[in-house]
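Trainee: Mind looking over this structure? Questions follow.
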C-alpha cells in the first residue's frame, strides 16, 4: 500500500512539473501540492500503523456470545485437546490468544495455551496462512471442520479476522497411521472424534 501511495505521489508530482514547467511563477503552487501529497502519505501510513497496534479485544458481551456458540463442542473424556497459541508471540497476539482460550474453557472445551506455540509441521501451515487468527483442522474430520468454521465465524462477527483451514495435519495423520498398524482389526476413520483436534494460531493483526 505504501508503494502504491508513493507511486501515485511521484506521478502526480511529475505531471504537475510537466504542466507548469514553462511558468516559473507556478512553482510555489507545485511545492504546495507536493507538500500536501507528502503529508497525506505520512498521515495514511501513520494511521495504518496505529490501527495495527490497536489491541484486538473481546468485550464481556462478545466473550459470553462466543462461549454460548461454542458450548455444543464441550469436551468429553479422551477427546483431543484444542491448542491455542500465537505466532509471532508478541504481547498483543498472546493477549488475544489468552482471551480465546478463556472463552473456550468457559464453554467447557478442553483448550490450552501452548508455549512455544509453533514447531515443526504446524509452522509450515501457519506461514502460508493470511494475517489474523488461523484455525487449522484435520481434513476429513467433520467435527473438527464444524468447530473451526464456527469459531472463525464467531470471531469474525466481533471484527477479528479469522479463517478456518482444512489441512492434513501431519501429527494427527501419523497418530492415525500408527493406531491402524497397532490395531489392524479395529475399524478406524480419520472422521472419528479422537482425531477432531484443532490448532488455533493468533497471527499479527491484518493491515
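Bear in mind that the values in this text are calculations on the coordinates, not laboratory data. Just so it is clear, the model here is predicted, and its values are computed rather than measured. Methodologically, a virtual Cβ is constructed for each residue, glycine included, from the backbone with ideal geometry; neighbour enumeration extends over all protein chains shown.
Trainee: I want the antiparallel fraction of DSSP beta bridges within the stretch 60-202, as a percent rounded to 5.
Mentor: Beta bridges within the stretch 60-202, antiparallel portion: roughly 30 percent.
Trainee: With the calculation restricted to Cα positions, what are the radius of gyration and Dmax of the stretch 60-202 in angstrom?
Mentor: Expressed in Å, the Cα Rg and Dmax of the stretch 60-202 come to 14.9, 49.
Trainee: When the chain is fully extended, how far beyond the present Cα-Cα distance does residue 112 get from residue 178, taking 0.36 nm per residue of separation?
Mentor: The span from residue 112 to residue 178 would gain 21.3 nm if fully extended.
Trainee: Given R₀ = 22 Å, what would the calculated FRET efficiency be for residue 149 paired with residue 60, taking r from the Cβ atoms and rounding to 0.05?
Mentor: In this case the efficiency is close to 0.35.
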